[in-house]
Amino acid sequence: MSVGILSLIVLALAVVGFFVGRSRALKSVQGDSRRLHSLPGYYGQTVFLFTAVPAFALMALWLIVQPMVIDGRIVGQLGPQIAEDATASKLAMEDVARIASGLDALQARTGMTNDELRDLSADGSDIRGRLAEVGIALGSEVDPLIFEMAKSFRIMQANGAMIMSVLVLVLAVAGFVLALRRIHGEFRARNVSETFVRWLLIASAGVAILTTVGIVMSLLSETIRFFGIYPISEFFFNLTWNPQFRGGSDLGLIPLLWGTLYISFVAMVVAVPIGIFAAIYTAEYAPPKVRSVVKPVIELIAGIPTVVFGLFALVTVGPFLRDYIAMPLGLGNSGSSVMTAGLVIGVLNIPFISSLTDDIINAVPQSMRDGSYGLGATKSETIRKVVLPAALPGIVGAILLAASRAIGETMIVTMGAGAAAKLGLNPFEAMTTITVKIVSQLTGDLAFDSPETLVAFALGMTLFVITLCLNIFALWIVRKYREQYE
Amino acid sequence: MTDISPTSAEAPKRPQAHGSLLTATPLMKRRNAAETRFHAYGIAAIVVALLTLAIMLFTIIRDGHSAFYQATMTFPVTIDAAVVDKTGTRDVAEMTKVTTIGYARILGESLVKHLADEGLVVEGMTDKEITDMISKDAPARLRDRVLADTSLVGQTVTVDVFTGGRVDGYFKGRVTREIAERDSNVTVTQLDMADLMEEAGILSSQFNWSFITAPDASDLRPEAAGLGVALLGTLYMMLLTFIFTLPIGVAASIYLEEFAPKNRLTDLIEVNISNLAAVPSIVYGILGLAIFINFAGLPSSAPLVGALVLTLMTLPTIIIATRAAIRAVPPSIRDAALGVGASKMQTVVHHVLPLAAPGILTGTILGLASAAGETGPLLLIGMVAFVTNYPASPLDGGFLDPASALPVQVYSWASRSDPAFIERSSGAIIVLLIFLFFMNALAIVLRRRFERRW
């Protein structure tokens, strides 16, 4: 039974439960709803919740756990040699899964019965050819052991799905019956269902904590594994980044960190003055009509996906900088460069800085400006000497938040900064960043026991820690100094 | 009159510092100049920002609009029964054994014959060169058409087929004769023939629906590459993300705004949410790879995994927006409901939520719009894979089928070497921006329509 149909059945049962519970409550008081403790709907709601929620929770849990259990058992049967080698067992599992899905397709296409499939063996019939017919291409002839595993994989999957369906339905019916049996006129249905809902709300709020825990756990566990096979001091202090497929890689963080910080610096040099002046103009100078047009249009920039900026960097900005600045000055001939990525990230960050700064400038009390005007200051003097100093902590916070975004930016640097890890000062040279390397180490074929793949988690951890510190610091500054004027 | 003369006589004697406000002192001039400069800086900043935006949109539309048009040849094709149906039984199972090579020959021969009939000749052009003008994708499309309707066998039908990517690029100004001389994929004679064919009305530029509906195509066939799989993938992901984020986001916000006691746990959750909103999106990709794919064993490239990652990523933003919407409902409404005996939960569900609903929806849609353009995390969960099969419908487990996504398609096309794919990539951005425009417009309409001022 597919998950979709099972969900529909559980849902239908829960809806039926609502009406049955409601009418049962009314019947228990001979239709006189005044004698009920709660409104009749709450009795129905109790049955609905007790039917649906545990069943769906079980289903979700089962769907997560089942593949892990099945994989573990299959790998266990493949023999200790494969089971102990993480890469080999992963590859074997991929083969098993591919053949199993091929068998599914074969069955759907030819209408074979399960018994016929069971009798199929890898050496007898031309499995590879028959699977190719249904669109599953296999690299080599099928290993009989793998093929047997694929067959038992299918059986286990089918059994698992059936057991899940039965258990989910049993749980739904049990919840249905139990909730229904508790219903009588004095039953405090509203309190029960409200408490139930309240726990659901708490669980939803807990998702935020779970996400953080998930991020930290997934980064930390793989990072620790990485440092188990690659020395930690090499990672932090090696000055070269040179991953090799055959081992013996140099995986030094410093060139990547340098590229990241250099590009972010260029971005901030662009974004900070433009963003702040744009905010000053919209907040202090612009007539209301201009402001109501300009502000949303600038914020439009923030709504454009970063991959669009990436393409802009790749197709327009990069070649422009190369042809008109870098080549004539003899600074390099690379379209992707620190300057390209930095300029474009800078533009991306303008609306971020300007809208935060605008809010902060608007929060400076008008009385301070009036005082300054009263002493004879011009508008720009007021802004420079009164408004900006008052708004400074907030602006610093905004700049730090923008810097953290620039450091974590991925698509623009992937498309505009280049892939060569270098320690250099020439801004027209291609350099690379932490995020670029995370993407390049984690796309394509992955081997979760090689340092070349695992280093991406250590890089992710570094990125996470840097941005987290910047964010906490920025939020602290904003919060600490905001109170002065309230 | 007498009053004036003493003052006018006295005025020059006054020291400069106490001069009239109407006569500018050097200091005042400097200050005014500074004022003007400062004002100009502000305007310049705005102009730079808007100009960059305008240049970016302009270049993308300039590069991308031509993706929607494609040089198409229209000519009659005789579907030779001897080639496509050797048994003569019109049995589809037998006919599937004929590969696209057979259909390519039919198309090529028909085009050569048609050109000869029309009297279009270019000196020194071989039949192979003529055949090569047809897109490598055309035989597959003809094959699908014949297999779907076997009565076409033996008949002469008029087909619209794309030209190869280079000939198409010639009409779009991307390929010139000088380039063609150096390019092994196209010859100058082919371009001459294309000109003749255009004059004869065989070749024309037509609106390219297959750019929106067709799946991706390989490096050698940019003319056939389309957004179909990517659009479906994005649609599936948005649907799932909406289904996941709305209930969880609303529930979490209600709890934090209305029920949460002031304690350590609540503080922890709040700090968590504001920090999660600022975590770089690529970190969510690592999370998705490690937990959903590696640990839970979900298939990579699946819209379900993409949606889970995007859900975790956008939840903090949506919770922040939803809480603002709930907070905007004035306390007097709650007090009134509580005053007539409603429970806390009834107050929230019957009064606060309906009043906050437009704000919540607006925030959710805006959150989804930003998720729709997200690329980095999707790369890590394998959505950059080359997928040419449409995912199945959601009821058949389509959420677990490999699919692509619009922004990822932009990236993967941009990283291919053939410049024809830059056009495709920009075209995909136009589609993506239209998609986002409608989501944002929906949010704005909702806000305008239902916004309340208390």
Worksheet item: Of the residues that make up the range B:8-20, is at least one closer than 30 Å to A:GLY346 by Cβ and modelled with pLDDT under 90?
Response: no
Discussion item. Filter the range A:277-307 down to the residues that are facing another protein chain (nearest Cβ under 7 Å), touching a Ser or Thr at 6+ places or on another chain (Cβ under 9 Å) and aliphatic (A, V, I, L, M) and list them by number.
Written reply: A:ALA278, A:ILE280, A:VAL294, A:ILE298, A:ILE301, A:VAL307
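Yes/no per residue for (1) among the β-branched types (Val, Ile, Thr); (2) in contact with a Phe, Trp or Tyr (Cβ under 9 Å, 6 or more places away or on another chain); (3) outside any helix (DSSP H, G or I); (4) buried (at least 21 other Cβ atoms within 10 Å of the Cβ):
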{"residue": "B:GLU223", "(1), (2), (3), (4)": "no, yes, no, yes"}
{"residue": "B:THR234", "(1), (2), (3), (4)": "yes, yes, no, yes"}
{"residue": "B:PRO247", "(1), (2), (3), (4)": "no, no, no, no"}
{"residue": "B:ASN275", "(1), (2), (3), (4)": "no, no, no, no"}
{"residue": "B:PRO299", "(1), (2), (3), (4)": "no, no, yes, no"}
{"residue": "B:THR311", "(1), (2), (3), (4)": "yes, yes, no, yes"}
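Would you mention how many residues in the range B:40-75 are closer than 30 Å to B:THR163 by Cβ, surrounded by 14 or more Cβ atoms within 10 Å (Cβ to Cβ) and either hydrophobic (A, V, I, L, M, F, W, C) or facing chain A (nearest Cβ under 10 Å) (or both)?
The total comes to 11.
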Discussion item. Looking at A:ARG190, A:ARG246, A:ARG198, can you tell me which residue is basic (Lys, Arg) and in contact with a Ser or Thr (Cβ under 8 Å, 6 or more places away or on another chain)?
Written reply: A:ARG190
Discussion item. With more than 18 Å from the chain's Cα centre (by Cα), within 26 Å of B:ALA357 (Cβ to Cβ) and among the aromatic types (Phe, Trp, Tyr) as the only criterion, which of B:TYR255, B:TYR236 stands out?
Written reply: B:TYR255
Practice prompt. Could you check, for the range A:237-250, whether at least one of its residues is within 14 Å of chain B (Cβ to nearest Cβ), within 30 Å of A:MET415 (Cβ to Cβ) and in contact (Cβ under 8 Å) with a residue 60 or more places away in the chain?
Written response: no
Worksheet, complete the sentence: If you go through A:LEU58, A:LEU78, A:LEU63, the only one that is out of contact with any Gly (no Cβ under 7 Å at 6 or more places or on another chain), hydrophobic (A, V, I, L, M, F, W, C), modelled with pLDDT of 85 or more and surrounded by 15 or more Cβ atoms within 10 Å (Cβ to Cβ) is A:LEU58
Worksheet item: Any chance the range B:280-291 includes a residue that's more than 9 Å from chain A (Cβ to nearest Cβ), part of a helix (DSSP H, G or I), out of contact with any His (no Cβ under 8 Å at 6 or more places or on another chain) and aliphatic (A, V, I, L, M)?
Response: no
Worksheet item: So A:LEU257 clears everything in (1) within 14 Å of another protein chain (Cβ to nearest Cβ); (2) surrounded by 14 or more Cβ atoms within 10 Å (Cβ to Cβ); (3) within 24 Å of the chain's Cα centre (by Cα) except one condition, right? Which one?
Response: (1)
Worksheet item: Taking helices (runs of 4 or more DSSP H) that fall entirely within the range A:353-429, which contain at least 2 residues that are of a type in the set (Gly, Ala, Ser)?
Response: A:366-374, A:388-408
Fill in: Scope the range A:196-215; condition more than 8 Å from chain B (Cβ to nearest Cβ) and either touching a residue at least 60 places away in the same chain (Cβ under 8 Å) or of a type in the set (D, E, K, R) (or both); matching residues
A:PHE196
Practice prompt. Answer yes if at least one residue in the range A:451-458 is surrounded by fewer than 20 Cβ atoms within 10 Å (Cβ to Cβ) and more than 9 Å from chain B (Cβ to nearest Cβ), and no otherwise.
Written response: yes
Worksheet item: Which residues, counting only those in the range A:168-195, are more than 10 Å from every other protein chain (Cβ to nearest Cβ), touching a residue at least 60 places away in the same chain (Cβ under 8 Å) and in a helix (DSSP H, G or I)?
Response: A:VAL168, A:LEU169, A:LEU171, A:ALA172, A:VAL173, A:GLY175, A:PHE176, A:LEU178, A:ALA179, A:LEU180, A:ALA189, A:VAL192
Discussion item. Quick check on the range B:230-249. Is at least one of its residues touching a residue at least 12 places away in the same chain (Cβ under 8 Å) and within 7 Å of chain A (Cβ to nearest Cβ)?
Written reply: yes
Discussion item. When the residues of the range B:392-445 are narrowed to those that are crowded, with 20+ Cβ neighbours inside 10 Å and modelled with pLDDT under 85, which ends up farthest from the other protein chains (Cβ to nearest Cβ)?
Written reply: B:ALA420
Worksheet, complete the sentence: Within the range B:20-39, of all residues that are facing another protein chain (nearest Cβ under 10 Å) and surrounded by 13 or more Cβ atoms within 10 Å (Cβ to Cβ), the one farthest from A:SER354 (Cα to Cα) is B:MET28
Worksheet item: Filtering the range A:147-195 down to residues that are over 30 Å from A:ILE99 (Cβ atoms) and among the polar types (S, T, N, Q), which residue is surrounded by the most Cβ atoms within 10 Å (Cβ to Cβ)?
Response: A:SER193
Discussion item. Regarding the range A:281-297, can at least one residue be identified that is buried (at least 24 other Cβ atoms within 10 Å of the Cβ) and either more than 22 Å from A:THR340 (Cβ to Cβ) or modelled with pLDDT under 90 (or both)?
Written reply: yes
Worksheet item: Quick one: which helices (runs of 4 or more DSSP H) sit completely within the range B:112-178 and have at least 1 residues that are under 17 Å from B:VAL77 (Cα atoms)?
Response: B:127-132, B:138-148
Item to complete: With the checklist (1) within 22 Å of B:GLU374 (Cβ to Cβ); (2) surrounded by 15 or more Cβ atoms within 10 Å (Cβ to Cβ) in hand, flag the one item A:GLY252 doesn't pass.
Response: (1)
Worksheet item: Going by the conditions given, is B:THR74 out of contact with any Leu (no Cβ under 9 Å at 6 or more places or on another chain), modelled with pLDDT under 85 and not small (Gly, Ala, Ser)?
Response: no
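Among B:ALA357, B:ALA336, B:ALA325, which is the only one that is more than 24 Å from the chain's Cα centre (by Cα), surrounded by fewer than 17 Cβ atoms within 10 Å (Cβ to Cβ), more than 9 Å from chain A (Cβ to nearest Cβ) and touching a residue at least 24 places away in the same chain (Cβ under 8 Å)?
Answer to the check: B:ALA357.
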Worksheet item: Name the pairs whose Cβ atoms lie under 8 Å apart, with the first residue in the range B:208-219 and free of Cβ contacts under 8 Å to residues at least 60 places away in the same chain, the second hydrophobic (A, V, I, L, M, F, W, C) and part of a loop (DSSP other than H, G, I, E, B), and 6 or more positions between them or separate chains?
Response: B:THR213/B:LEU227; B:ALA214/B:ALA225; B:ALA214/B:LEU227
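Looking at the range A:362-379 only, could you name the residues that are touching a residue at least 40 places away in the same chain (Cβ under 8 Å) and either within 22 Å of B:LEU27 (Cβ to Cβ) or β-branched (Val, Ile, Thr) (or both)?
A:VAL364, A:LYS379
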Worksheet item: Are there any pairs, at least 6 apart or on different chains, whose C-beta atoms fall under 8 Å, with the first in the range B:304-322 and touching a residue at least 60 places away in the same chain (Cβ under 8 Å) and the second acidic (Asp, Glu), and if so, which?
Response: B:LEU310/B:GLU374; B:MET313/B:GLU374
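The values are calculated or read from the model by the stated rules, or taken from the named source; none is laboratory data. Model, not experiment: these values are computed from the prediction. Ideal geometry is used to build each Cβ from the backbone, glycine not excepted, and the neighbour counts take in all protein chains shown.
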